[in-house]
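Engineer: Here you go, one structure.
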């Protein structure tokens, strides 16, 4: 085994990354993988106590700092961007993972449930990326571009079974926004890709996965027959952030055990 070759392809030593929604669930899985690969990581989320606890846990094996911010608001986006600007003069990896969901029957679906999800899942992704463009441009080069990795969903590829109308619509929007940004930012040496997760253990999926019967039924719907585990998510994030993924942009990568191939 050529360890040096593997390190040159997948190592992230010295890279600087921010992971929004990084205090739990898929965001924590991504942050954990990036820390293991050698990144200096900033995680952000709305609840300060959860951010502090997650940053402390990740700091046990690498460099991780927590910055609380509500990315559904302009002030929260400005705050995070300002804090990152004080810390770093360049940013190698931006993982736009913060997300929200809302479930309610179609006839009763409220405007507040639509706006909340769209503000976090789409508006927040766009305007945080916009605010951090100077740092992303400063860090990127033709040989080693900066990376934007957005978290979409298989529910943005095929309609889900649940009444999560704003969530599925927002994730489809994230996928198109990813492609559009990839086209616009390629000349600036910034790649933009999206991960489209299937079922993983997270707070957003707790309503389905905390019940053993529902969990088994959902796992049976996945062609590979199981729920995703942290290494599944960490691995694809490391690939997209590493030299191995430096010529990949505008891609939507389903991490779903084949669920994206099934329509029900």
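The values are calculated or read from the model by the stated rules, or taken from the named source; none is laboratory data. Bear in mind that the values here come from a model prediction, so they are computed numbers and not experimental data. Positions of Cβ are generated from backbone atoms using ideal geometry, with glycine treated the same way; all protein chains shown enter the neighbour counts.
Engineer: Among the candidates 25, 11, which residue alone is touching a residue at least 40 places away in the same chain (Cβ under 8 Å), at positive phi and touching a helix residue (DSSP H, G or I) at 6+ places or on another chain (Cβ under 9 Å)?
Structural biologist: The unique qualifying residue is 25.
Engineer: Right, another one. Here's a check for you: in the range 207-230, which residue that is out of contact with any helix residue (DSSP H, G or I) (no Cβ under 8 Å at 6 or more places or on another chain) and not in a loop (DSSP other than H, G, I, E, B) is nearest to residue 197 (Cα to Cα)?
Structural biologist: 228
Engineer: Every residue in the range 40-57 that is in contact with a helix residue (DSSP H, G or I) (Cβ under 8 Å, 6 or more places away or on another chain) and within 19 Å of residue 147 (Cβ to Cβ), please.
Structural biologist: 41, 42, 43, 44
Engineer: Given the criterion within 15 Å of the chain's Cα centre (by Cα), at pLDDT 95 or above, closer than 29 Å to residue 248 by Cβ and in a helix (DSSP H, G or I), identify the matching residue among 173, 182.
Structural biologist: None of the others qualify; the one that does is 173.
Engineer: Looking at residue 190, is it touching a helix residue (DSSP H, G or I) at 6+ places or on another chain (Cβ under 6 Å) and more than 16 Å from residue 94 (Cβ to Cβ)?
Structural biologist: When the stated conditions are applied, residue 190 does not pass them.
Residues are listed down the side, and each one gets a yes or a no for (1) closer than 23 Å to residue 142 by Cα; (2) modelled with pLDDT of 95 or more; (3) surrounded by fewer than 14 Cβ atoms within 10 Å (Cβ to Cβ):
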{"site": "194", "(1), (2), (3)": "yes, yes, no"}
{"site": "208", "(1), (2), (3)": "no, no, no"}
{"site": "213", "(1), (2), (3)": "no, no, yes"}
{"site": "233", "(1), (2), (3)": "no, yes, no"}
{"site": "252", "(1), (2), (3)": "yes, yes, no"}
{"site": "257", "(1), (2), (3)": "no, no, no"}
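Engineer: Related question: Could you tell me which residue of the range 77-117 is farthest from residue 243 (Cα to Cα), considering only residues that are touching a strand residue (DSSP E or B) at 6+ places or on another chain (Cβ under 8 Å) and in a loop (DSSP other than H, G, I, E, B)?
Structural biologist: If we take residues in the range 77-117 being touching a strand residue (DSSP E or B) at 6+ places or on another chain (Cβ under 8 Å) and in a loop (DSSP other than H, G, I, E, B), then 99 is farthest from residue 243 (Cα to Cα).
Let's see how each residue does on (1) crowded, with 21+ Cβ neighbours inside 10 Å; (2) under 13 Å from residue 128 (Cβ atoms):
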position: 29; (1), (2): yes, no
position: 52; (1), (2): no, no
position: 68; (1), (2): no, no
position: 72; (1), (2): no, yes
position: 103; (1), (2): no, no
position: 107; (1), (2): no, no
